[in-house]
Amino acid sequence: MTCKICFNDFDIKSFTNLFNQKTCICNKCQKTLYPHFYKFKINNCNGVAIYDYDDTIKSLIYQFKGCSDIELKDIFLSPYSYLLKLLYFDYYLVYIPSLSEDDTSRGFNHVKEMFSILNLKHIDLLTKEGNYKQSDQDYKNRENICHYLKLKNNVKLKNKKILLVDDILTTGNTLYYSIELIKRLKPKKIKVLTIAKVKPLNNDYKHKYEQKNGFLQTFLNKIQEKFNIRAIKNDK
Ligand SMILES: [Zn+2]
């Protein structure tokens, strides 16, 4: 298999890939994209952010999203798709929307493509109207997002578990108001999963999110520990 980041060949059947046969990046690249699995809370819902929005992730997201390189769509989640599918098997994905004109010029919806590898059911629920572009707004005006986000369908979400997904968690505003809207439809549960997160710039910010190492990180550490112990034993 050829790694989609460094273009080197790697063995997908190796022991380290035992749980992620769907991976499309080599172990070396996987390590450079070190996943943190940050746990946070936003609008009373639990969320997980897989990566820090560091320079590596930033340039890869830019290459995928800004340069419309659809080939990169699976690099962010494929190493953990098995794990994430297990965790969220009974959830419906809801994508945080982008402006439809951006999707049209890009040729695809980047969030939808990034999460497609999980193969979970999804509900088309939210839409962004008007010419609100988050990146053009300063931090204060970003709160205006609540006037642009709309529920697309008045579907009933009773007994349904919702997994709100997005690429980058910045101020948390869009997520906060999306949750606010979805709560009106009374789903059974709402959780959040984002690819990366930016550290909150302003600690006084009213929707700042808490973070701590999540159980996923603990779980991964445990696997790593086990693997190391086994490797030492094999040496003897
Ligand atoms: Zn690689």
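Within the stretch 126-147, is there a residue that is modelled with pLDDT of 85 or more, loosely packed, with under 13 Cβ neighbours inside 10 Å, more than 21 Å from Cys29 (Cα to Cα) and more than 16 Å from the chain's Cα centre (by Cα)?
Looking for residues that are modelled with pLDDT of 85 or more, loosely packed, with under 13 Cβ neighbours inside 10 Å, more than 21 Å from Cys29 (Cα to Cα) and more than 16 Å from the chain's Cα centre (by Cα), one finds none in the stretch 126-147, hence no.
So if I check each of Ser105, Ser68, which one is more than 17 Å from the chain's Cα centre (by Cα) and in a loop (DSSP other than H, G, I, E, B)?
Step by step, each of Ser105, Ser68 is checked, and only Ser68 is more than 17 Å from the chain's Cα centre (by Cα) and in a loop (DSSP other than H, G, I, E, B).
Here is a yes/no grid of residues against (1) more than 16 Å from the ligand (Cβ to nearest atom); (2) surrounded by fewer than 19 Cβ atoms within 10 Å (Cβ to Cβ); (3) hydroxyl-bearing (Ser, Thr, Tyr):
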{"position": "Asp9", "(1), (2), (3)": "no, yes, no"}
{"position": "Cys29", "(1), (2), (3)": "no, no, no"}
{"position": "Ala49", "(1), (2), (3)": "yes, no, no"}
{"position": "Ile61", "(1), (2), (3)": "yes, no, no"}
{"position": "Gly66", "(1), (2), (3)": "yes, yes, no"}
{"position": "Ile70", "(1), (2), (3)": "yes, yes, no"}
{"position": "Leu83", "(1), (2), (3)": "yes, yes, no"}
{"position": "Tyr95", "(1), (2), (3)": "yes, no, yes"}
{"position": "Asp102", "(1), (2), (3)": "yes, yes, no"}
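Of (1) within 16 Å of the ligand (Cβ to nearest atom); (2) outside any helix (DSSP H, G or I); (3) in contact (Cβ under 8 Å) with a residue 12 or more places away in the chain; (4) among the β-branched types (Val, Ile, Thr), Ile57 satisfies all except one. Which?
With (1) within 16 Å of the ligand (Cβ to nearest atom); (2) outside any helix (DSSP H, G or I); (3) in contact (Cβ under 8 Å) with a residue 12 or more places away in the chain; (4) among the β-branched types (Val, Ile, Thr) applied to Ile57, the lone miss is (2).
Kindly indicate whether Phe76 is away from the ligand (no atom under 12 Å from the Cβ), part of a loop (DSSP other than H, G, I, E, B) and modelled with pLDDT of 90 or more.
Yes, satisfied.
Say we look at the stretch 20-42 and pick out the residues that are outside any helix (DSSP H, G or I) and either at pLDDT 90 or above or hydrophobic (A, V, I, L, M, F, W, C) (or both); which of these is farthest from Ile168 (Cα to Cα)?
This residue is Cys26.
Kindly provide the set of residues from the stretch 146-189 that are part of a helix (DSSP H, G or I) and either touching a helix residue (DSSP H, G or I) at 6+ places or on another chain (Cβ under 8 Å) or of a type in the set (Asp, Glu) (or both), ordered by number.
Cys146, Asn173, Thr174, Tyr177, Glu180
Could you figure out which of (1) within 16 Å of the ligand (Cβ to nearest atom); (2) out of contact with any strand residue (DSSP E or B) (no Cβ under 8 Å at 6 or more places or on another chain); (3) among the aliphatic types (A, V, I, L, M) isn't true of Leu33?
That leaves (2) as the condition not met.
Is there a residue in the stretch 37-52 that is more than 17 Å from Lys191 (Cβ to Cβ) and aliphatic (A, V, I, L, M)?
The answer is no; no qualifying residue exists.
The values are calculated or read from the model by the stated rules, or taken from the named source; none is laboratory data. What you see is a predicted model, and the numbers here were worked out from it, not measured in a lab. When we count neighbours, we look across all protein chains shown, and the Cβ atoms used for this are built from the backbone with ideal geometry, even at glycine.
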